[in-house]
Amino acid sequence: MHSPAPVDPLLQRERDHLAASRAALTAMRADVESLDLRDVTGTWVSAAVLQNQIENRIAALADLAHTPLFFGRLDYLHAISEGLAEGGVGERFYIGRRHVHDATGDPMVIDWRAPVSQPFYRASRTDPLDVDRRRRFGYTGGELTAYEDEHLSDPAEVEGASALLAAEIEKPRVGPMRDIVATIQPEQDEIVRAEIGGTICVQGAPGTGKTAVGLHRVAYLLYAHRDRLAKSGTLVVGPNRSFLHYIEQVLPALGELDVAQATVQELVKHVEIRAEDPSEAARLKGDARMAEVLRRAVRSGISLPTEPLVAVRGSRRWRLPVHELVEIIEEMSGREIRYGAAGDALPQRLSHALLLKMEQGGEAPDDRVQDAMARNPQVKAMVKQCWPPVDPAKLVHRLLTDAEFLARCADGILTGDEQAVIRWAKPGRSVKTAPWTAADAVLVDETADLVHRTASLGHVVLDEAQDLSPMQYRAVGRRCSTGSATVLGDLAQGTTPWATGSWAEALHHLGKPTAHIEELTKGFRVPEEVIAYASRLLPAIAPGLAPATSVRDAPGSLNIRQVEPEALDPALVEACRTALEREGSTGLIAADARIPALAEALTAAGLPFLEPGTETSADARLTLVPASLAKGLEYDYVVLDEPAAVVAGEPDERTGLRRLYVALTRAVSGLAVLHAQPLPGELAA
């Protein structure tokens with residue numbers, strides 16, 4: 001009988017600290033759960049708010065069994081802050097996803113966002129930031145299994161790549177997107193911790209972690225500016241629901257539960273989408289020129305009075321002559337305020353002018369009289385005549401159905417041919433039955449903002465931003481007009497006909513022209529062999545971008561094979577079987593038109609598969625992915641079907657090649673490309 005291998009005493013000590021930290025976290029949660037609100041004074045509203053805060057706190061203190069409480073340790077050369085570290089010497093800190101303290105209030109784990117944790121990500125041998133030792137921990141499930149030390153102040157120690165860091169980055173992907181809190185790199189950390197006051201735009205090649213950086217930035221800002229953002233709110237905007245489902249667990253894993261997520265289409269859900277625009281119509285409706293067309297349309301109903309206003313109060317009649325009315329209407333029209341706000345203010349403006357007439361007539365009216373006159377039927381009738389109310393959906397409906405009205409509003413802005421393109425061929429009988437499209441909904445949102453200002457949030461993260469139209473940028477920008485934003489994207493992955501040509505242009509439409517632009521080119525996800533192959537497309541799809549490099553050299557990660565047309569589907573099924581023999585997730589990506597045939601082939605072969613956005617598990621690791629939904633997703637192994645079909649499935653070659661670039665860069669460990677048709681010439685060596 002063999003005796004168990006002895007445990008490294010240092011490893012056991014770290015395991016003991018992990019166990020003690022978990023016990024402390026359980027005690028912290030129990031303390032919150034034991035709070036009794038029955039004696040809380042105040043209204044039922046305040047009690048309900050407090051109860052909600054307590055429930056959120058309880059949820060944030062959950063101990064996730066497979067999520068390590070800490071992933072690193074810093075040993076400082078000198079004391080940082082008395083009483084903050086083990087032994088009271090202020091020099092040792094365990095770095096984790098959240099703060100944990102013991103029964104006396106002394107911290108056992110420091111939140112990764114705290115200032116004292118920053119050197120874990122930025123310290124180096126050339127600039128150790130007073131760190132003597134940085135220790136990284138390795139885990140299997142929730143069990144601490146390894147540690148690795150870097151003695152940053154020891155000049156004799158040879159610098160080498162971190163095996164634990166590489167293992168964490170390359171860990172198989174099953175389930176939703178994970179946080180990268182244990183592996184944030186210095187250039188990523190600078191973006192994460194940037195000040196809240198400014199907007200940052202991150203141009204990131206595939207695999208550079210731009211999405212994760214954006215999410216961790218939200219978590220950091222909520223830590224550093226919690227009171228401010230609790231009042232104003234935060235929002236993550238993604239390209240589709242599949243993408244949002246994939247990333248939705250990252251922030252809760254970091255203890256942040258109150259961040260809203262939405263697609264652009266969900267933000268502008270004023271009308272029911274019933275139709276789809278041809279690409280040219282969608283491009284024109286998304287053009288920034290439409291903002292001025294809509295502004296004209298909103299104000300087209302303003303008219304100058306031709307008759308005086310005569311208001312009756314009691315036994316007397318008070319008269320405002322036409323020239324004074326015209327002066328008031330022109331003044332209101334010339335002010336830079338929303339149409340609806342001006343319309344709301346106009347009755348008071350007219351009643352004030354009437355009060356001046358009363359004072360000249362010897363009366364002494366007060367504010368109550370002015371309010372009463374603002375509700376006077378004659379005043380209200382004059383306001384309705386000169387400044388009629390605007391229903392945003394009805395106005396856009398009229399614009400897209402009434403050729404004469406559109407021509408007046410678009411005169412000098414859109415050509416006659418462009419006006420014909422955006423008008424509905426079959427308009428429907430009413431707003432409810434109209435053939436609204438996604439681009440139309442954005443126009444309604446713009447109109448609604450022209451009438452009443454859209455409420456602004458404190459911070460908005462906009463991911464896959466390269467695919468938005470100018471009008472969509474404006475829609476998102478309205479929701480952070482008084483706040484800041486983190487804009488994430490890759491110009492090479494722009495796969496809409498209206499994809500932005502430059503970040504300067506996009507930020508202008510977003511309303512953040514002075515935003516700082518950062519570029520991430522070092523990849524951590526896609527193997528070097530794969531990203532180098534995909535980068536052959538860059539001269540054709542984004543000639544100004546530098547090709548990405550990867551820190552991961554994985555020979556054999558790329559396999560390209562041509563087969564006979566009749567053998568393609570069986571070969572794809574077999575490639576999926578081979579990929580599933582390995583640990584992790586597998587994605588079969590194909591042109592949208594090929595999905596039904598491949599679904600039938602997989603079913604016939606007895607291979608169950610998921611749809612994008614459905615969480616993978618140990619028992620369900622294969623996902624069938626239309627190329628149009630692949631963006632932002634990642635799989636350990638990708639089988640790519642017929643690149644030529646992916647390109648042909650788009651309205652133009654550049655968009656098709658960009659779609660192919662996206663599909664080629666979804667793999668973490670291996671990519672198999674199978675084709676019967678010739679590969680696009682841009683991929684030739």
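The values are calculated or read from the model by the stated rules, or taken from the named source; none is laboratory data. Given the structure is predicted, the values throughout are model-derived calculations rather than measurements. Cβ placement follows ideal geometry from the backbone for every residue including glycine, while neighbour counts extend to all protein chains displayed. The accessibility values were calculated without ligands, DNA or RNA, using every heavy atom of the protein model including side chains. Shrake-Rupley method; radii C 1.70, N 1.55, O 1.52, S 1.80 Å.
Excluding Gly343 itself, calculate the net charge of residues whose Cβ lies under 14 Å from the Cβ of Gly343, where each Lys or Arg counts +1 and each Asp or Glu counts -1. Surrounding charge for Gly343 is +4.
From the mean inverse distance of alpha carbon pairs (Kirkwood) and the Cα radius of gyration, derive Rg over Rh for region 235-379. Reported Rg/Rh (Cα atoms, Kirkwood Rh): 1.22.
Could you state the number of Å between the C-alpha centres of region 422-448 and region 324-380? Region 324-380 and region 422-448 have Cα centres separated by 35 Å.
Look at the alpha carbon pairs under 8 Å that are at least 6 residues apart: their mean separation over the length of region 177-225 gives a relative contact order of 48 percent.
When shorter helices are ignored and each DSSP H run of at least 4 residues is given -39500 (n - 2.57), the per-residue value for the chain at 222 nm works out to -11500 deg cm²/dmol. With a/c under 1.5 counting as rounded, go ahead and sort the chain into rounded, prolate or oblate using the C-alpha gyration tensor (a ≥ b ≥ c being the square roots of the eigenvalues; past the cut-off, prolate if a/b is larger than b/c, else oblate). It comes out oblate by the Cα gyration axes.
Measuring nothing but how far apart in sequence close Cα pairs (under 8 Å, 6+ apart) lie, relative to its length, the chain scores a relative contact order of 14 percent.
In the chain, the DSSP beta bridges split such that about 35 percent are antiparallel, to the nearest 5.
Packing here is the average count of other Cβ atoms within 10 Å per residue, and on that basis the peptides 591-599, 99-107, highest first, run 591-599, 99-107. Using the average count of surrounding beta-carbon atoms within 10 Å as a protection proxy, the listed peptides 357-366, 506-515 rank, highest first, as 506-515, 357-366.
Let me check I've understood the local charge: for Ala455, count other residues with C-beta under 11 angstrom from its C-beta, Lys and Arg +1, Asp and Glu -1. What total comes out?
Once all neighbours under 11 Å are counted, the net charge is +2.
Counting other C-beta atoms within 10 Å, and keeping those with at most 11, which DSSP coil chymotrypsin sites (Phe, Trp or Tyr not before Pro) do you find in region 451-508? Here no loop site has a sparse enough neighbourhood.
Of the trypsin sites (Lys or Arg not before Pro) found in region 445-534, those that fall in a DSSP loop while having at most 16 other beta-carbon atoms within 10 Å are Arg453. With Cβ to Cβ distances under 15 Å as the rule, what net charge do the other residues near Val563 carry (K, R +1; D, E -1)? After counting each charged neighbour, the total is -4.
Of the peptides 400-412, 210-222, the ranking by mean beta-carbon count within 10 Å, highest at the top, reads 210-222, 400-412.
Give, to the nearest whole percent, the P(r) tail of region 595-685 beyond 15 angstrom, counting all Cα pairs. Present the calculation step by step, with values, prior to reporting the outcome.
Values: 2560 of 4095 pairs.
Roughly 63 percent, rounded to a whole number.
Using a probe of 1.4 angstrom and keeping all protein chains present, the accessible surface of the chain works out to 45 square angstrom per residue. Centre-to-centre separation between the Cα atoms of region 606-654 and those of region 532-573: 14 Å.
Reported value for region 410-460: 144 Å³ per residue, from the convex hull of its C-alpha atoms. Mean sequence separation of contacting Cα pairs (under 8 Å, at least six apart), scaled by the length of region 547-685, corresponds to a relative contact order of 32 percent. Only Lys, Arg, Asp and Glu carry charge here, each on its Cβ (+1 for the first two, -1 for the last two); on that basis the chain has a dipole of about 2620 debye about its Cα centre.
DSSP beta bridges fully contained in region 528-682 are about 5 percent antiparallel.
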